[in-house]
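The values are calculated or read from the model by the stated rules, or taken from the named source; none is laboratory data. The structure presented is a predicted model; accordingly, all values stated were derived computationally and were not measured. Virtual Cβ from ideal backbone geometry, glycine too; neighbours counted across all protein chains shown.
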Ligand SMILES: [Mg+2]
């Protein structure tokens, strides 16, 4: 909204995703890096975006401290301070502080990324339910084992009113050797033993987004992520504009099928497109057939009853995808009721 008001004479199609944005918030894995290595064009594009606006980073990963994430980003060429990184433990501790008295003892399931934050907030860390903790906080660390999960279960079963906060509930976590069970899987193990669910801080819940805006102070933030079910859903819940960048987990097929709450404002092939004009989708009705035709740039797609086909592939694959998403999201029919040309998603 703010962009249109700020630049009333500029055609909508000439706007870039960054126009009018005063705070860029970026997810890390799949957006800035994969494992240790930077994703192509990410460092240069974020550096350029940061010349005139605040950049912050959000991560659900609770196993690393903000300082170690900042160090990693700096080593990739993104000069980053510890305070530029919002972790899910930081958001979780704010939730926890509203639930228990200052200085209380907290049972921690997790690693250094979590204990550092719990102690930093003035709480006392314990690993045993026998210490009568005021609450349980749970985040991923590779060395979390059955004993930790059992202590959490004892504490939560011992007092059904005892608060339980989880940093995040990602089912999986990408590591150097592949995909492994994430914090959601470990939270699920405790859930099976206690029959209740935790309060969650990380994406797609809003606490981590609110923590970022509280810290960085933007009025018109833009969130960049690579997953619809955490990043984009969370940004929508937090009322933020969002970018889905296709350098990580979710691709064409997932974005075409995205449910109404998980649809991004912008779809980018890579982060260079943050600063490029974002062409608007033009919807027309074919006078002869009555078909709906959607054009983005020089790519266009057609809906005939329930069949989605390509009229013109155009010269930018991303424009074809943008046209197809605009058509499919806008047609009012569920994706499983449509026959979509495979070239749009494969
Ligand atoms: Mg990610």
Restricted to segment 7-34 and to residues being assigned to a loop (DSSP other than H, G, I, E, B) and within 16 Å of the ligand (Cβ to nearest atom), the residue modelled with the lowest pLDDT is 30
Within segment 126-134, can one find any residue that is touching a residue at least 24 places away in the same chain (Cβ under 8 Å) and under 29 Å from the mean Cα position of the chain (by Cα)?
no
Among 279, 317, which is the only one that is surrounded by fewer than 17 Cβ atoms within 10 Å (Cβ to Cβ), within 23 Å of residue 224 (Cα to Cα) and touching a residue at least 12 places away in the same chain (Cβ under 8 Å)?
317
Can residue 232 be described as in the same structural domain as residue 49 (by TED's automatic domain parsing), assigned to a strand (DSSP E or B) and in contact with a strand residue (DSSP E or B) (Cβ under 6 Å, 6 or more places away or on another chain)?
no
Quick count over segment 40-63, residues being in a loop (DSSP other than H, G, I, E, B) and surrounded by fewer than 22 Cβ atoms within 10 Å (Cβ to Cβ), is 6
Could you please let me know if residue 97 is free of Cβ contacts under 8 Å to residues at least 60 places away in the same chain and out of contact with any strand residue (DSSP E or B) (no Cβ under 9 Å at 6 or more places or on another chain)?
yes
Could you identify the single residue in 62, 4, 37 that is away from the ligand (no atom under 15 Å from the Cβ) and modelled with pLDDT under 95?
4
Criterion: more than 16 Å from the ligand (Cβ to nearest atom) and at pLDDT 95 or above - qualifying residue of 226, 219:
219
Restricting attention to segment 235-258, which residues are surrounded by fewer than 23 Cβ atoms within 10 Å (Cβ to Cβ), part of a helix (DSSP H, G or I), in contact with a helix residue (DSSP H, G or I) (Cβ under 7 Å, 6 or more places away or on another chain) and in contact (Cβ under 8 Å) with a residue 60 or more places away in the chain?
252, 256
Residue 309 surrounded by fewer than 20 Cβ atoms within 10 Å (Cβ to Cβ) and in a strand (DSSP E or B)
yes
Index of the failed condition, residue 205 passing every other in (1) within 16 Å of the ligand (Cβ to nearest atom); (2) within 21 Å of residue 34 (Cβ to Cβ); (3) touching a residue at least 24 places away in the same chain (Cβ under 8 Å):
(2)
Restricting attention to segment 172-217, which residues are more than 14 Å from the chain's Cα centre (by Cα), closer than 18 Å to residue 141 by Cα and part of a loop (DSSP other than H, G, I, E, B)?
176, 177, 182, 198
Please go through segment 129-170 and give me each residue that is part of a loop (DSSP other than H, G, I, E, B) and either surrounded by 15 or more Cβ atoms within 10 Å (Cβ to Cβ) or not assigned by TED's automatic domain parsing to the domain that holds residue 93 (or both), ordered by number.
133, 134, 139, 140, 141, 144, 162, 163, 167, 168, 169, 170
